[in-house]
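To start, the structure itself, in structure tokens.
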Amino acid sequence: MTYVARIESLASKIRDEVAKVVIGAEKLTDMLFIALLSGEHVLIEGPPGTAKTLTARAFAKSLGLIFKRVQMTVETMPADITGFYAYTLSGQRFFRKGPVFSNVLLVDELNRAPPRTQSALLEAMQENQVTIEGDTYKLPRPFVVLATQMPLGAVGTYALPEVMLDRFSIKLNTAYLEPELEKEVLNKTDTIEAFPVAPVSTEVEILSLMEDVRRVYVDEDLVRYIVNIINYIRSHEAVELGPSTRTSVHLYKLSRAYAALNGRDYVIPDDIKELASYVIRHRIKLKPQVEVEGLKAEDIVAEALENVEVPH
Ligand SMILES: Nc1ncnc2c1ncn2[C@@H]1O[C@H](COP(=O)(O)OP(=O)(O)O)[C@@H](O)[C@H]1O
Ligand SMILES: [Mg+2]
């Protein structure tokens, strides 16, 4: 089997496993998978009870990866994430690893954590390592952070700073289900609680596919297309702070994984178009006056996709 066929088939198996317990999350699952293959992190935003935690758990389990979860509160300390030094009764110092030592780390309600704790995560997310009292520890690979946040403005939440938001390759939104699908959740309640998700992959396979996905071809015209979209947004009059270069890099990497997931070993413009909003919207800061007028970051992305010339 070619690497593309292996990625396509694994994506479909993971979708099926997750669907055993989560209703209506196929798209979300695909997005998590391409982020994982790209070695990048994901932010999931939505109201409580919309299966954010459930989806993350099912996804990690289906991959056969080590999954840890940490609930953020106003009192969460950096050590609650990274770990800390402790002493045995005989006075021996040892390192107690925190939940960050995992493959898939679910950080629930990231925006409730105080800034100091948020920044402890930054090193982990960017360098794949943590430093405690001057000692540096490598994290397992793959390492992906799935962070959830409640919609902004909820009580007791901090807005995530731009440097933090920029680390997330995509932002996904969860919402309440259509009544028909919600009925399905109720009818499947016992199955969902039994959590019959089986591992269909391994750490070794994922690491090898992460290597393979780099072979997906991205034509120079498409590289330029990505840069042109980002630049269109940066120079837009409604934008105060535009997307970073890291945004372009993420769009490039995720497009390769998305192409493979769709059975191709080359990227097409539609891959980029379909991912653009997920990758870009959380990294656009609009000018306050246009925000008041109701303009949204999504609108600017849509405008860019309409106006930037598509290569053919
Ligand atoms: N799409 C869904 N599919 C299956 N169960 C769901 C779905 N949405 C909500 N639920 C139910 O709601 C519960 C809470 O979901 P959870 O993942 O904890 O929500 P969140 O993390 O978004 O607050 C689940 O355990 C499940 O019973
Ligand atoms: Mg939750």
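The values are calculated or read from the model by the stated rules, or taken from the named source; none is laboratory data. All of these numbers come straight from a predicted model, not from anything done at the bench. Cβ: placed from backbone, ideal geometry, glycine included. Neighbour counts: every protein chain shown.
I need a count of the residues in region 202-237 that are over 16 Å from residue 4 (Cβ atoms) and either assigned to a loop (DSSP other than H, G, I, E, B) or aliphatic (A, V, I, L, M) (or both). Summing the residues that are over 16 Å from residue 4 (Cβ atoms) and either assigned to a loop (DSSP other than H, G, I, E, B) or aliphatic (A, V, I, L, M) (or both) in region 202-237 gives 14. The set of residues in region 260-285 that are part of a helix (DSSP H, G or I) and under 15 Å from residue 215 (Cα atoms) comprises 260, 261.
Is it the case, given these coordinates, that residue 110 is within 15 Å of the chain's Cα centre (by Cα), more than 22 Å from residue 11 (Cα to Cα) and touching a residue at least 60 places away in the same chain (Cβ under 8 Å)?
yes
Checking 185, 130 one by one, the residue that is β-branched (Val, Ile, Thr), under 29 Å from residue 274 (Cα atoms) and touching a residue at least 12 places away in the same chain (Cβ under 8 Å) is 185 and no other. Considered as a group, the residues in region 44-67 that are among the basic types (Lys, Arg) and within 14 Å of ligand 2 (Cβ to nearest atom) include one that is nearest to residue 21 (Cα to Cα), and that residue is 57.
In region 16-47, what residues are over 14 Å from the mean Cα position of the chain (by Cα) and in a helix (DSSP H, G or I)?
Step one: filter region 16-47 for residues over 14 Å from the mean Cα position of the chain (by Cα), giving 16-26, 47.
Result: 16, 17, 18, 19, 26.
For (1) within 16 Å of ligand 1 (Cβ to nearest atom); (2) over 24 Å from residue 243 (Cα atoms), each residue gets a yes or a no:
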residue	(1), (2)
133	no, yes
139	no, yes
148	yes, no
173	yes, no
184	yes, yes
192	yes, yes
203	no, yes
211	no, yes
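Tallying residues that are in contact with a helix residue (DSSP H, G or I) (Cβ under 8 Å, 6 or more places away or on another chain) and either acidic (Asp, Glu) or within 16 Å of ligand 2 (Cβ to nearest atom) (or both) within region 68-98 yields 6. Is it true that residue 50 is under 30 Å from residue 186 (Cα atoms), in contact (Cβ under 8 Å) with a residue 24 or more places away in the chain and not in a helix (DSSP H, G or I)? Against the criterion (under 30 Å from residue 186 (Cα atoms), in contact (Cβ under 8 Å) with a residue 24 or more places away in the chain and not in a helix (DSSP H, G or I)), residue 50 qualifies. Applying the set (1) crowded, with 17+ Cβ neighbours inside 10 Å; (2) under 17 Å from the mean Cα position of the chain (by Cα) to residue 82 leaves exactly one unmet item: (2). Against the criterion of being farther than 19 Å from residue 36 by Cβ and in contact with a Pro (Cβ under 8 Å, 6 or more places away or on another chain), residue 158 qualifies. Restricting region 46-68 to residues that are within 10 Å of ligand 1 (Cβ to nearest atom) and touching a Lys or Arg at 6+ places or on another chain (Cβ under 9 Å), the residue that is modelled with the highest pLDDT is 58. Candidates in region 269-312 are the residues that are touching a residue at least 60 places away in the same chain (Cβ under 8 Å) and in contact with a Pro (Cβ under 7 Å, 6 or more places away or on another chain); of these, the one that is surrounded by the most Cβ atoms within 10 Å (Cβ to Cβ) is 283. The criterion of at least 2 residues that are in contact with an Asp or Glu (Cβ under 7 Å, 6 or more places away or on another chain) and not acidic (Asp, Glu) is met, among strands (runs of 3 or more DSSP E) falling completely within region 102-192, by 129-132, 144-149, 168-173. Does region 24-34 contain at least one residue that is within 15 Å of ligand 1 (Cβ to nearest atom) and surrounded by fewer than 17 Cβ atoms within 10 Å (Cβ to Cβ)? Yes: one or more hits.
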